[in-house]
Amino acid sequence: MNLTLTADTFSVELEPMERFWAFHLGARIDIPRAHIQSVSSTMPPLSWRVLRAPGTGLPWLVAGTFYTEQGREFWYITQRDRVLTLDLTSQDYYKRLILNVEDPSAWIARLQPLL
């Protein structure tokens with residue numbers, strides 16, 4: 001997974017196997033930077049009321065589209081200790097992105113001043 005931040009857009013580019021596990025047809029998820037409401041390194045809890053459709057739920061991988069009380073979310077988690085969570089505005093397709101990144105604190109430091 002490659003993350004990029006430009007003047008206007010935050011982009012998530014999925015590798016082919018990540019797309020496979022997440023059942024995601026597109027290679028990229030582009031979010032207008034102005035639509036990012038908050039960022040954190042906390043993984044939201046999964047409950048029995050979460051619907052995964054489509055996606056993968058294994059002990060070592062949570063990936064795909066999830067429907068929660070907040071709305072539609074995109075998850076790609078393989079390690080629970082390196083999580084970047086982005087809360088988005090209601091006008092986006094996804095209301096939240098929950099991703100594994102190499103250094104969550106570095107991404108938070110880059111994104112937080114832009115909010």
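The values are calculated or read from the model by the stated rules, or taken from the named source; none is laboratory data. Just so you know, these numbers come straight off a predicted model, no measurement behind them. Here the Cβ positions follow ideal geometry from the backbone for every residue, glycine too, while neighbour counts run over all protein chains shown.
Please enumerate the residues belonging to the range 88-114 that are over 16 Å from Leu3 (Cβ atoms) and either of a type in the set (Phe, Trp, Tyr) or at pLDDT 95 or above (or both).
Of everything in the range 88-114, those that are over 16 Å from Leu3 (Cβ atoms) and either of a type in the set (Phe, Trp, Tyr) or at pLDDT 95 or above (or both) turn out to be Tyr93, Lys95.
Just so you know, in the range 2-19 the residues that are surrounded by 14 or more Cβ atoms within 10 Å (Cβ to Cβ) and acidic (Asp, Glu) include one that is nearest to Pro104 (Cα to Cα), and it is Glu13.
Being among the hydrophobic types (A, V, I, L, M, F, W, C), at pLDDT 95 or above, over 12 Å from Tyr93 (Cα atoms) and out of contact with any Gly (no Cβ under 6 Å at 6 or more places or on another chain) is the filter here; which residues of the range 62-76 pass it?
Trp75
Hey, among the residues in the range 1-14 that are under 14 Å from the mean Cα position of the chain (by Cα) and outside any strand (DSSP E or B), which one's modelled with the highest pLDDT? Among those residues, the one meeting the criterion is Leu14. Residue-level check: of (1) out of contact with any strand residue (DSSP E or B) (no Cβ under 6 Å at 6 or more places or on another chain); (2) of a type outside the set (Phe, Trp, Tyr); (3) more than 25 Å from Pro113 (Cβ to Cβ); (4) surrounded by fewer than 15 Cβ atoms within 10 Å (Cβ to Cβ), Thr68 misses just (4). In the range 1-31, of all residues being in contact (Cβ under 8 Å) with a residue 24 or more places away in the chain and of a type in the set (D, E, K, R), the one that is nearest to Val62 (Cα to Cα) corresponds to Glu18. Can you report the number of residues in the range 72-115 which are assigned to a loop (DSSP other than H, G, I, E, B), surrounded by 14 or more Cβ atoms within 10 Å (Cβ to Cβ) and among the hydroxyl-bearing types (Ser, Thr, Tyr)? Looking only at that region, the number is 2.
Considering every residue within the range 41-52, establish whether at least one is part of a strand (DSSP E or B), more than 18 Å from Thr4 (Cβ to Cβ) and modelled with pLDDT under 95. It would help to see each step written out before you state the result.
Let us first name the residues in the range 41-52 that are part of a strand (DSSP E or B), namely 51-52.
Going one step further and asking which of them are more than 18 Å from Thr4 (Cβ to Cβ), we end up with 51-52.
Right, trim to modelled with pLDDT under 95 and you get 51-52.
Yes: one or more hits.
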